[in-house]
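Some notes on the structure that comes next.
The values are calculated or read from the model by the stated rules, or taken from the named source; none is laboratory data. It should be emphasised that the depicted structure is a prediction, and the values quoted were computed from it without experimental measurement. Ideal geometry is used to build each Cβ from the backbone, glycine not excepted, and the neighbour counts take in all protein chains shown. Side chains are part of the model used for accessible areas, which takes the heavy atoms of the whole protein and leaves out ligands, DNA and RNA. Shrake-Rupley method; radii C 1.70, N 1.55, O 1.52, S 1.80 Å.
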Amino acid sequence: AVPHLLEAANRSLERGIEDPVIYAGERALYQDTVRWWLERICAGERTETLIQDLNAIIGHIPYTHQLGQNDDGSPRWEHAARMDDPIDRRIHVAHGIAHFLASGGFRRLRRCQADGCGNFYLGPPQSKWCSTNCGGRERGRRKREKDRKQKIAT
């Protein structure tokens, strides 16, 4: 789920990666890997390159075919990833990112522009901040900076 991916990446930002010995572990690896993919998307990396890199990773996921039902009750084939096997966390992340890209959600992916934040969020193209708190802090910081410049000029 996309909210889970965004939360993981933002936790990676909060935690930082300055000391991988302290922050080692499966959860940290998962969070850092999600952040790494989202940073690539936000940086505007070519979709073709992202797809190629993701396919190289998710090609190792075993799939199974099973019979399911349509809304009207008729049977249909379903292709399901077998993620219950002990699969490397990076493969789990690549699978989630691939679904995110395929859903078109990456078009709404933004990075907060407030000083000291940098959180990932989904928003309209004109949005700059992940929350009203970040927006208020950034507007206040800009106003103080403008006031300081005016005071120096006079």
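Out of the residues in the stretch 40-81 that are among the basic types (Lys, Arg) and out of contact with any Ser or Thr (no Cβ under 9 Å at 6 or more places or on another chain), which is farthest from Arg110 (Cα to Cα)?
Arg76
Arg89: touching a residue at least 40 places away in the same chain (Cβ under 8 Å), open to solvent by 70 Å² or more (accessible area, probe 1.4 Å) and under 19 Å from Ala8 (Cα atoms), yes or no? For Arg89, the condition - touching a residue at least 40 places away in the same chain (Cβ under 8 Å), open to solvent by 70 Å² or more (accessible area, probe 1.4 Å) and under 19 Å from Ala8 (Cα atoms) - is met.
The set of residues from the stretch 124-154 being outside any helix (DSSP H, G or I) and either of a type in the set (Asp, Glu) or surrounded by 15 or more Cβ atoms within 10 Å (Cβ to Cβ) (or both) comprises Trp129, Cys130. Give me the pairs: first residue in the stretch 57-86 and farther than 15 Å from Ala98 by Cβ, second residue acidic (Asp, Glu) and surrounded by 10 or more Cβ atoms within 10 Å (Cβ to Cβ), beta-carbon distance under 8 Å, and six or more apart or on different chains, which are they? Partner pairs satisfying both residue conditions: His65/Glu78; Gln66/Glu78; Leu67/Glu78; Gly68/Glu78.
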